[in-house]
1. Do we find a residue being more than 30 Å from Glu271 (Cβ to Cβ), modelled with pLDDT under 95 and either in contact with a Cys (Cβ under 8 Å, 6 or more places away or on another chain) or polar (S, T, N, Q) (or both) anywhere in the range 155-164?
2. Could we say that Pro132 is farther than 22 Å from Pro276 by Cα and in the same structural domain as Gly250 (by TED's automatic domain parsing) here?
3. So Arg262 fits all but one of (1) in a loop (DSSP other than H, G, I, E, B); (2) in contact (Cβ under 8 Å) with a residue 24 or more places away in the chain; what number is the exception?
4. Identify, from the list Thr56, Thr113, Thr72, the residue that is under 24 Å from the mean Cα position of the chain (by Cα), surrounded by fewer than 18 Cβ atoms within 10 Å (Cβ to Cβ) and of a type in the set (S, T, N, Q).
5. Being surrounded by 14 or more Cβ atoms within 10 Å (Cβ to Cβ) and outside any strand (DSSP E or B) is the requirement here; does Asp286 meet it?
6. I'd like to know if the range 94-107 contains one or more residues that are modelled with pLDDT of 90 or more and under 23 Å from Leu159 (Cα atoms).
7. Hey, among the residues in the range 256-279 that are within 29 Å of the chain's Cα centre (by Cα) and β-branched (Val, Ile, Thr), which one's surrounded by the fewest Cβ atoms within 10 Å (Cβ to Cβ)?
8. Do we have any residue at all in the range 134-147 that's farther than 25 Å from Glu178 by Cα, in contact (Cβ under 8 Å) with a residue 24 or more places away in the chain and more than 15 Å from the chain's Cα centre (by Cα)?
Amino acid sequence: MLLLPAIELVDDGAMETRLLEQFVAVAAEGNVTRAAERLWAAQSTVSAGIASLERTLGARLFDRTGRGLVLTATGEDVLPHARAVLDGLDRMRDLAVVDDADLRGRVRLGIFTSMDVVDLTGVLRRFRQRHPLVTVELMTSQSGTTGLVQDLVAGRLDLAYCGLPAVPSGIHVEPLREMPFRVFVAPDHPLAGRRSVSLAELADEPFVDTAHGFGNRLILDAALDRAGIRRRVVAEMNDMPAVVRFASAGLGVGVVPDSGVRYDGAVLELEDDVEPLRIGLAMRSDTEPNRATRTLARDVVAARRG
């Protein structure tokens, strides 16, 4: 293992803080372009920063592969030191803040694309009024809540909506909203006149659902497995309201949590005992978040629905 001396000065001209930020971002993304987007910087600036840091340390930090950048053994050793320096600076900034209006920093919040969990626009508007110097970045994932939690674990997010039935160690989830599963069908579907239906009665129906990785998909797939039912999914969406719309159009039946969106078809109760989708706000519990992250987390939780 490479033993590095403690980095005491990070803005001394030899190793600027921004170089460490670029290094950590590239390590997390495995790609200079995505790291540059995350840092709101030009790709050439990030590439030059990595090259400068490598010259300063006298060692190569990344191997360039066809699929992106991979940390070298030296890079793996340097990464926790770089993170520790940046975390230490965040703590120093937190301690130096006396007035909430002076709170600074950046919070990256992972959200769902088109489903209201809380009145997030209201939360962010009030947060912005109280903390104008904090930047809040909203991010989504094509693989739903699974992708958001993966980004949280990897350090690409500070907070994230989570609907997983189980989360990795080191992640804490504060409950926000609970939604029961219901069955959505077109108004002219043979089942439209029913009040309730079982999964067994839907076994031969074409389904529309969210993509793999979404919390509701994981819960329903587990319930179907327990019942020994194999279904046919004819279309996959990247958000639950889209499933409801397509079911209304007659493309297939949708068995998803009822998020309260307007629906033009028929809504049936599900007779099976399926756990509701429990959505919460997730953050890492193995590291101390900065004050801006803690403050926004409190605001989001305070806005949860009763």
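The values are calculated or read from the model by the stated rules, or taken from the named source; none is laboratory data. Keep in mind the model is a prediction, meaning the values are calculated, not measured. Note that each Cβ is placed from the backbone with ideal geometry, even for glycine, and that neighbours are counted across all protein chains shown.
1. No, the range 155-164 contains no residue that is more than 30 Å from Glu271 (Cβ to Cβ), modelled with pLDDT under 95 and either in contact with a Cys (Cβ under 8 Å, 6 or more places away or on another chain) or polar (S, T, N, Q) (or both).
2. Spelling it out, it is not the case that Pro132 is farther than 22 Å from Pro276 by Cα and in the same structural domain as Gly250 (by TED's automatic domain parsing).
3. The number of the failed condition is (2).
4. Residue meeting the stated conditions: Thr113.
5. no
6. yes
7. Of everything passing the filter in the range 256-279, Val261 is surrounded by the fewest Cβ atoms within 10 Å (Cβ to Cβ).
8. Scanning the range 134-147, I find at least one residue that is farther than 25 Å from Glu178 by Cα, in contact (Cβ under 8 Å) with a residue 24 or more places away in the chain and more than 15 Å from the chain's Cα centre (by Cα), so the answer is yes.
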